[in-house]
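Below is one structure, written out as structure tokens, with a few remarks after it.
The values are calculated or read from the model by the stated rules, or taken from the named source; none is laboratory data. Given the structure is predicted, the values throughout are model-derived calculations rather than measurements. Backbone-built Cβ (ideal geometry, glycine too); neighbour counts: all protein chains shown. Keep in mind that these areas ignore ligands, DNA and RNA; they rest on the heavy atoms of the full protein, side chains included. Shrake-Rupley method; radii C 1.70, N 1.55, O 1.52, S 1.80 Å.
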Amino acid sequence: MAREGKVYVFDHPLIQHKVSLMRKTSTTVKEFRELATEVAMLMGFEATRDLALEDVEIETPMCTTQVKMLKGEDIAIVPILRAGLGFVDGMLALVPNAKVGHVGLYRDPETHKPVEYYCKLPVDIEKRECFVVDPMLATGGSAIAAIDFIKKRGATNIKFMCLIAAPEGIEALHTAHPDVDIYIAAKDECLNENAYILPGLGDAGDRLYGTK
Ligand code: PRP
Ligand code: URA
């Protein structure tokens, strides 16, 4: 994994291979969804590296002992609807006790600005380490708005995870929320005139859910 300030770009071959499959037009909805879950698990493994542990006393078949266990109740996964849902199963496979908040945003097709339609977060979001997830970081507008909501509700410990990011989106998100670590599977070239990522993978929500 290469470090660029607070931006982490994953260079693991398994992640790169799976993201490349997701880019292909011929990849089916079923395959795309499965790959999203697999990549979320692989990325989540690294992004959760500094999760807090606590000492717990357990019984093994041999004796009583102190072991380290996750403070699972301190984590929130926050997908940005709808495409962010594609990352939830993979993250929950790693941290099954995490709570899940949802932020509903869509990009206005004309202005490319995010429009909010839903926000439901765990009541104690301010105590939790929040993993905001969305496959695409294009202009950065959706991620910035989602993190604005979460911060307004008191969250201070936030990480953002996405599959593919445009340089414009990374810059915008990092400028708006310099405290937020950004985890990316692939950094692409640029945005096109419709603010879609090139080469990208198209519309992540449509590819996950077979809509269009
Ligand atoms: C996509 C994607 C991000 C957003 C990225 O969602 O999942 O949320 O666009 O673009 P931005 O960085 O320019 O804001 P979309 O608005 O298409 O909604 P959907 O998830 O419901 O398909
Ligand atoms: N949203 C997507 O789903 N894909 C892009 O390339 C840009 C925004």
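Can you pull out every residue in the range 33-72 that is surrounded by 14 or more Cβ atoms within 10 Å (Cβ to Cβ) and acidic (Asp, Glu)?
Matches in the range 33-72: Glu34, Glu38, Glu46.
Only residues that are open to solvent by less than 10 Å² (accessible area, probe 1.4 Å) and in contact (Cβ under 8 Å) with a residue 40 or more places away in the chain: list them for the range 161-175, please.
If the condition is that a residue be open to solvent by less than 10 Å² (accessible area, probe 1.4 Å) and in contact (Cβ under 8 Å) with a residue 40 or more places away in the chain, then Met161, Leu163, Ile164 are the ones that fit.
With Lys18, Lys99 as the choices, which residue is more than 16 Å from ligand 1 (Cβ to nearest atom) and in contact with a Leu (Cβ under 6 Å, 6 or more places away or on another chain)?
Lys18
Could you tell me which numbered condition Tyr209 fails, if it satisfies all but one of (1) open to solvent by 10 Å² or more (accessible area, probe 1.4 Å); (2) within 12 Å of the chain's Cα centre (by Cα)?
The failed condition is (2).
Of all residues in the range 176-203, how many are open to solvent by less than 40 Å² (accessible area, probe 1.4 Å), more than 8 Å from ligand 2 (Cβ to nearest atom) and out of contact with any Pro (no Cβ under 7 Å at 6 or more places or on another chain)?
8
Just for the range 127-151: of the residues that are over 21 Å from Arg82 (Cβ atoms) and at pLDDT below 95, which one is farthest from ligand 2 (Cβ to nearest atom)?
Top of the filtered list is Lys127.
May I ask you to say which residue of Ile158, Ile144 is open to solvent by less than 10 Å² (accessible area, probe 1.4 Å) and closer than 28 Å to Gln16 by Cα?
Numbers: Ile144 fails: open to solvent by less than 10 Å² (accessible area, probe 1.4 Å).
The match here is Ile158.
Out of Lys68, Lys113, I need the residue that is within 16 Å of ligand 2 (Cβ to nearest atom), among the basic types (Lys, Arg) and in contact with a strand residue (DSSP E or B) (Cβ under 8 Å, 6 or more places away or on another chain). Which one? Before the answer, list the steps.
Working: Lys68 fails: within 16 Å of ligand 2 (Cβ to nearest atom).
Within the list Lys68, Lys113, the selection yields Lys113.
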